Amino acid sequence: MNLPDMKEAKSRNKEKVEFIYTNPLKSDAFSGKKYFIKTYGCQMNVHDSEEISGLLENIGFERVESELDADIIILNTCAIRENAHDKVFGFLGRCKHLKKDKPDLKLILCGCMAQEKHVVDEIMAKHKYIDLVFGTHNIHEFPNYLMNLGDGLNIEVKSNEGNVYETGETFKRDSKYTAWINIMYGCDKFCTYCIVPYTRGKERSRKSKDILKEVECLKEKGYKEVTLLGQNVNAYGCDSEEEISFAELLEKVAQTGIDRIRFVTSHPWNFTDEMINIIAKYPNIMPYIHLPLQSGSDRILRLMGRRYTKEEYLQLFNKIKSTIPNAAVTTDIIVGFPNETDEDFEETLSVVEECKYDGAFTFIYSPREGTPAAKMDDKIALSVKEDRLHRLNEIVNKYSNLNNQKYLGKTVKVLLVGNSEKDDSKLYGYTETMKLVNVICDKSLIGEIVDVKITEAKSFSLDGIVEK
Ligand code: SAH
Ligand code: SF4
Ligand code: F3S
């Protein structure tokens, strides 16, 4: 695999990123008021919602689980595919009617859609009942916006070339056992189909000392697992002369002794040998790698701007599998990129057959306004794309099931994180390789890493019992 040319990333980051350490606002101004938050999109948005919740609770808000009970309704949106847009405006349309009985109800839209100019234009033209729109670069300002909210529609969207704001432990984390940690923001890859570089801005790495402090703090609070977050975690440090590389960061996080370390997402292009060796060396770095393929056709990969060929991807995949024992690998695949031929699609299937992934997120390509691919003329019918997705999913599910069957009868370590939704007598948790396991066990074991014997293997989950 070619090593990345760091110059490119650095040139986009000529203006120095500023680190701004802010003290989050604390007040009881909204004491007793209720907030409802709905989150769409990736883990980054999930974690942003934890920050938003923390900021709101600092100023007196309490969380409610139904929009009907709320004084403010927040939609943290995603822009990755078109259907997210329809879902958000469908939900907002229903919330608008709640204002008839509750005139003081505030509707707030934030997240990636807020960074899309055409969405803001649409809101100004057609959805003036929304009270506040803010973007991904000024989340920390949200309490100030609420304190000073003017009548009517307030738009607070900043340019997408943000700085790094450090607000300390302001997050209201969803779990007491596993935590998300941002290690970097933004993306400089500009894959031709993808909106993220426009909604999240350029790559900005947090300081490693701030990240390590956060890990230590979480460990002290009893967290068992941290997941390092970034659109391209392995581009960590590329935007700063002083910073260490992702492999070095991973090693330092491993040396804190926290039980489990995960990271998402790693781009195949800057997946170095050093990274593979560090993952193999430290038992607390989980042997689970999400390695998006997108397509198995070199022609499509080139059009997507993915910067690797099928051959290079397979070489990397095989190196990971041979160096990291028991590594589980999952992937993302897009079908129906403009003018993808049957031959291109067959190439994708051939990679899936070769890699036998543990799982895959599969998508039909969705044109995103402002991206280069959206301008490409596309002659392939939707029914053809749907058929490809269906065929792909059948193969993906076959391997997911086959991989799960290998666990039958084995004893594996599971971090138990919650009550099983379907069966009250069970807890659920994850293996080191990120397999979901439903476990019959005592409820007091929640938050523990336990040995579990696998008694049944299904396509998307395992069942097990705690081994004494
Ligand atoms: N940074 C990650 C991906 C984040 S988006 C990476 O590069 O791997 C998550 C997934 O959404 C992508 O991997 C891709 O498979 C899918 N995706 C992104 N843009 C899309 C689009 N326009 N249409 C369909 N799927 C898309
Ligand atoms: Fe999007 Fe590509 Fe960046 Fe991933 S690497 S976020 S797919 S532009
Ligand atoms: Fe969606 Fe934004 Fe994540 S577009 S996938 S929420 S970075």
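Annotation: of all residues in region 53-81 being outside any strand (DSSP E or B) and within 18 Å of the chain's Cα centre (by Cα), the one that is surrounded by the fewest Cβ atoms within 10 Å (Cβ to Cβ) is Arg81. Checked against (1) closer than 22 Å to Ser27 by Cα; (2) in contact (Cβ under 8 Å) with a residue 40 or more places away in the chain; (3) touching a strand residue (DSSP E or B) at 6+ places or on another chain (Cβ under 8 Å), Gly162 passes all but a single condition, namely (1). Among the residues making up region 30-47, those that are more than 10 Å from ligand 3 (Cβ to nearest atom), open to solvent by 50 Å² or more (accessible area, probe 1.4 Å) and either modelled with pLDDT under 95 or not in a loop (DSSP other than H, G, I, E, B) (or both) are Lys34, Lys38. Among residues of region 196-236 being of a type in the set (Phe, Trp, Tyr) and not in a helix (DSSP H, G or I), the one that is farthest from Gln115 (Cα to Cα) is Tyr223. Among the residues of region 236-244, is any of a type in the set (Ser, Thr, Tyr), surrounded by 23 or more Cβ atoms within 10 Å (Cβ to Cβ) and touching a helix residue (DSSP H, G or I) at 6+ places or on another chain (Cβ under 9 Å)? The answer is yes; a qualifying residue exists. Condition check: assigned to a strand (DSSP E or B), buried (at least 18 other Cβ atoms within 10 Å of the Cβ), in contact with a strand residue (DSSP E or B) (Cβ under 8 Å, 6 or more places away or on another chain) and modelled with pLDDT of 95 or more. Does Ile289 satisfy that? Yes; evaluated as a whole, the condition is true for this residue. Could you check, for region 334-350, whether at least one of its residues is within 16 Å of ligand 3 (Cβ to nearest atom) and part of a strand (DSSP E or B)? Yes; the residues of region 334-350 include at least one that is within 16 Å of ligand 3 (Cβ to nearest atom) and part of a strand (DSSP E or B). Within region 17-29, the residues that satisfy the criterion of being surrounded by fewer than 13 Cβ atoms within 10 Å (Cβ to Cβ) and within 27 Å of the chain's Cα centre (by Cα) are Glu18, Ile20, Tyr21, Thr22, Asn23. Filtered by the rule that a residue be touching a residue at least 24 places away in the same chain (Cβ under 8 Å), open to solvent by 20 Å² or more (accessible area, probe 1.4 Å) and of a type outside the set (Lys, Arg), region 82-95 gives Glu82, Asn83, His85, Phe89. Residue count for region 184-196, restricted to those that are farther than 14 Å from Arg368 by Cβ, out of contact with any strand residue (DSSP E or B) (no Cβ under 8 Å at 6 or more places or on another chain) and either more than 13 Å from ligand 3 (Cβ to nearest atom) or open to solvent by less than 10 Å² (accessible area, probe 1.4 Å) (or both): 1. Evaluation of Leu98 against the conditions (1) surrounded by 14 or more Cβ atoms within 10 Å (Cβ to Cβ); (2) in a loop (DSSP other than H, G, I, E, B) shows that the sole unmet condition is (2).
Could we say that Ile181 is open to solvent by less than 10 Å² (accessible area, probe 1.4 Å), hydrophobic (A, V, I, L, M, F, W, C) and not in a strand (DSSP E or B) here? So Ile181 does not fit the description; no. Of the numbered criteria (1) in contact with a Cys (Cβ under 9 Å, 6 or more places away or on another chain); (2) of a type outside the set (Gly, Ala, Ser); (3) in a strand (DSSP E or B), the one Cys187 fails is (3).
Just one of the listed residues (Asp131, Asp121) is open to solvent by less than 20 Å² (accessible area, probe 1.4 Å), of a type in the set (Asp, Glu) and more than 16 Å from ligand 2 (Cβ to nearest atom), namely Asp131. Applying the condition of being touching a strand residue (DSSP E or B) at 6+ places or on another chain (Cβ under 8 Å) and among the small types (Gly, Ala, Ser) to region 416-456 and asking which residue is most open to solvent (accessible area, probe 1.4 Å) yields Ser425.
The set of residues in region 367-396 that are within 20 Å of Val352 (Cβ to Cβ) and open to solvent by 60 Å² or more (accessible area, probe 1.4 Å) comprises Glu386, Asp387, His390, Arg391, Glu394.
The values are calculated or read from the model by the stated rules, or taken from the named source; none is laboratory data. Everything numeric here is computed off the predicted structure, so don't read it as measured data. Virtual Cβ from ideal backbone geometry, glycine too; neighbours counted across all protein chains shown. What goes into the accessible areas is simple: the full protein's heavy atoms, side chains included, and nothing from ligands, DNA or RNA. Shrake-Rupley method; radii C 1.70, N 1.55, O 1.52, S 1.80 Å.
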